[in-house]
1. Against the definition (of a type in the set (A, V, I, L, M, F, W, C), part of a strand (DSSP E or B) and either over 46 Å from the mean Cα position of the chain (by Cα) or within 25 Å of Asn378 (Cα to Cα) (or both)), how does Val873 come out, yes or no?
2. List every residue pair whose Cβ atoms sit under 7 Å apart, with the two residues 6 or more apart in sequence or on different chains, where the first one lies in the stretch 456-479 and is among the aromatic types (Phe, Trp, Tyr) and the second, anywhere, is part of a loop (DSSP other than H, G, I, E, B).
3. Could you list, in sequence order, all residues of the stretch 725-749 that are of a type outside the set (Lys, Arg), open to solvent by less than 70 Å² (accessible area, probe 1.4 Å) and part of a helix (DSSP H, G or I)?
4. Quick check on my filter: what residues within the stretch 641-684 are open to solvent by less than 40 Å² (accessible area, probe 1.4 Å), under 29 Å from Glu611 (Cβ atoms) and modelled with pLDDT of 90 or more?
5. So which residues in the stretch 690-706 are within 31 Å of the chain's Cα centre (by Cα) and open to solvent by 40 Å² or more (accessible area, probe 1.4 Å), if there are any at all?
6. Does the stretch 811-856 hold any residues that are in contact with a Phe, Trp or Tyr (Cβ under 8 Å, 6 or more places away or on another chain) and either modelled with pLDDT of 90 or more or not in a loop (DSSP other than H, G, I, E, B) (or both), and which are they?
7. Can you tell me which of Gly830, Gly849 is of a type outside the set (Lys, Arg), closer than 21 Å to Asp795 by Cα and surrounded by fewer than 16 Cβ atoms within 10 Å (Cβ to Cβ)?
Amino acid sequence: MRGTEIREKFLNYFANKGHQIVKSASLIPHNDPTLLFTNAGMVQFKDVFLGLDSKDFKRAVTAQKCVRAGGKHNDLDTVGRTARHHTFFEMLGNFSFGDYFKKDAIKYAWEFLTEVIGLNKENLWITIYLDDDEAFNLWQEVTDVSANRIVRLGEKDNFWSMGDIGPCGPCSEIIYDRGEEHRCNAEECGIGKCDCDRWLEIWNLVFMQYDRDEKGVLEPLPKPSIDTGMGLERLCSILQNVNSNFDTDLIKPLINEVERIANKVYYPDDRGFPFRVIADHARACTFLISDGVLPSNEGRGYVLRRILRRAVRFGKHLGIDELFLYRFVPIVVKIMGDAYPELATKEEQISKIIKFEEERFRETLNDGMKVVNEIIQNIRKKGENIISGQDAFLLYDTYGFPLDLTEDIAEENNLLVDKVGFNKAMEEQRNRAREAREDSKAFESVLVLNNLLTGVEQTKFIGYEQLESSAQVLALIEKEHTKHYIDGKEEFYLITNITPFYGESGGQVGDTGNFEGLRGKGRILDTQKLPDGRIIHTAKLEEGTIEVGQIINLYVDKSRRQAIKRNHSATHLLHKALKEILGPHANQAGSLVASERLRFDFTHFAPVKQEELKLIESKVNEQILASLPVLTQEMAIEEAKKQGAIALFGEKYDDWVRVVKMGDYSIELCGGTHVPVTSAIGVFKIVSESGIGTGLRRIEALTGTEALKYFAQEEDDVLSIAKLLKANPQQIVKKVEQLLSELKVKEKELEKLNSKLALAQVDEILKSVQKVEGIQVLTAVVQTQDMEGLRSMADLLRDKLGSGVIVLGAVNGEKVNFVSTVTKDLIKIGVHAGNIIKEVAKIAGGGGGGRPDMAQAGGKDPSKITEALQHVVKLVKIQKK
């Protein structure tokens, strides 16, 4: 039975049991700072389990794409070493949101495994939580599994929790016994006693029946729920009667491709480890990039970069010297494209990104080998035999060298590696990453707010039609406590029955404004939207008091909202213009729509050329001048997609969506606020374009009054320049060109004078040549304006000297420049200009390096120039030895 069939049978079985088939969520968790990646089927329903969101169905079934390669759940280093671990895998799951519970969950699981796909009952074992007698009895009541095949395990194995607080409960795992031939060498090979490939966990049933509070007390949930997860690849390995997940039809074609490219035979033992890593990582890279993750040096992008580079390293281990990883993308698409059609639409873009990153990594590896050689040289100079933990970590973090690669290089050079220091540096980096990661306390505060607002009705948003209204105060929250009234000057949360204030979402910032009641008034500083759609105002009293139940008037800052609307509508026009000018691959990858500017991130592989930016800007302004009507309409998401509506990156959409259409030019799914006609945007001006990661670009732009301010400032600058140049504004370019031409003439004259000065100095400097161990050494402080002049003088002296070491220094303002040159005959005996200059500059508070024959460096302390040059004699002696 092929993997595709198993997936379909699972979904259809539960659909026939009244479950809603829900599409796999993105690998980038929506609005959840606590997770790097979607690592389980329940992640997209997390807010439902927490009570922050609700669905119009009580039962769901999914085939969810998952990644476990970073954060708490990280299988990266285990991949390829076992038969069952992956960075990317599919999790099949069925869910009950307060509907059925243990009995039906157990019955459905047993029926599907033994009747629908026909697993041998004698091979199935069950684990339950130590004290879960209810589950023990139900397994015997609704299935024919015997009591001696039910194993009780402790909290570590069979009790699941979402976090330190919140929903949790016992779980029951279904284990498949693959037979004696798969057992490990442990004395006690058994469930709960070892972790070998004989006992294959295929399905975990979580019985979410408790709510754990801050003190660890478990309270029964009013509506217990079910969350289950089963690895598709594991089930495939059983049904296809193969020894590991890597031998299934979901992965084996990728291993076959590794064999073809490497021209080597795959073996399912330790020799096949590199093959399995490459196959797994090719899947992970393809899916991660498809969902919008791009290689970078932080967060998700850093994990992707590590996975990709790890695959390339193992390719080198197999003798693959060409670019190869991008070739796996079409194979992944062929295997998985039916289930995940987004792969096919992005195939070309994914291949390009992987190829580009692979090229960059090969350059980095070459640079890394140069650094390794320098590190080894320095160790030998000091008479030591250990590569420090810091150096090993530098190679790992900056150049992608795993610790084992550094250890191999060390062994080849009769050196050791400080593993303790390396691990310490790794832990320090992890701590920095934890601190840098978006604070999960913000997520916890959402839970607190949600609990405080239990029973409070939803706020109705009326801000599309009006910017002021009367509203009733439903709740007041100050410092995580509900209040009946507020009379202080501290910030607080204000919740009303209706509001014209837009809560931040979809890249658009929240509204600000004012409120006024009979007994007090104040400011609305920000407006946020909770996951369940509830709108919360951050407010501050200016005078008087405010009470729950009171009627107040709400006033949105109209001019600010109007500016936000201009910018939001402009992002839609910009998105379409980018696709027209750069190509359909230019997809939105993030945005910020504020009142003073807009920021738009998009996928593209190279800096946008100046002429392309002009065309993009012109396209947008054409649509503004065309005064296109901006129409909004609500419809089913499938209908919106049929009409060509673009779904934006990182957004989570319901089945019923809002569509924003601008004439026949642009159509997008969007819940934001917009101008009624494009001409209300006024004007559009791009002010910057930059790279923010591999294959990711950013445009910042202005509209309306902010754009006019920008033009006015530019005009003022032109007039100021014209005044300085004593020219008309229309003639300043010509005037600057004339001045630059004159400057070049003057520079050439100065160059000639400097050459004469240098020649005059050369004869005098040559008088100070020293003999050091038979080597002519010349050091001098000279007068020259820049590094170029210093190099020219060094060349003259070398030609005159014939054989020797020359180091010159020159003070340049508050800095000092050094140049070192070594003749070819001395390079052969180990004298190195780069190494000399590095040590010389260090004394003057600087650094640098270069080639064996010529090197330059800078220093921060001109007072040390003489001392630094005096050190040259000692360096030459050391190098000759």
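The values are calculated or read from the model by the stated rules, or taken from the named source; none is laboratory data. None of the values given here were measured: they were computed from a predicted structure. Heads up, the Cβs are rebuilt from the backbone with ideal geometry, glycines too, and the neighbour counts pull from every protein chain shown. Heavy atoms of the whole protein, side chains included, go into the accessibility calculation; ligands, DNA and RNA do not. Shrake-Rupley method; radii C 1.70, N 1.55, O 1.52, S 1.80 Å.
1. For Val873, the condition - of a type in the set (A, V, I, L, M, F, W, C), part of a strand (DSSP E or B) and either over 46 Å from the mean Cα position of the chain (by Cα) or within 25 Å of Asn378 (Cα to Cα) (or both) - is not met.
2. Within 7 Å, the pairs are Tyr464/Thr673.
3. If the condition is that a residue be of a type outside the set (Lys, Arg), open to solvent by less than 70 Å² (accessible area, probe 1.4 Å) and part of a helix (DSSP H, G or I), then Leu725, Pro729, Ile732, Val736, Ser741 are the ones that fit.
4. Met662, Gly663, Tyr665, Ser666, Ile667, Glu668, Val675, Thr678, Ala680, Ile681, Val683, Phe684, listed by residue number.
5. Result: Ser690, Gly691, Ile692, Arg698, Glu700.
6. Listed by number, the residues that qualify are Ile837, Val840, Ala841, Gly848, Gln856.
7. Result of the check over Gly830, Gly849: Gly830.
This table checks each residue for (1) of a type in the set (D, E, K, R); (2) in a loop (DSSP other than H, G, I, E, B); (3) within 30 Å of Glu5 (Cβ to Cβ).
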position	(1), (2), (3)
Val303	no, no, no
Ala311	no, no, yes
Tyr326	no, no, yes
Ile335	no, no, yes
Ala344	no, no, yes
Ile353	no, no, no
Glu358	yes, no, no
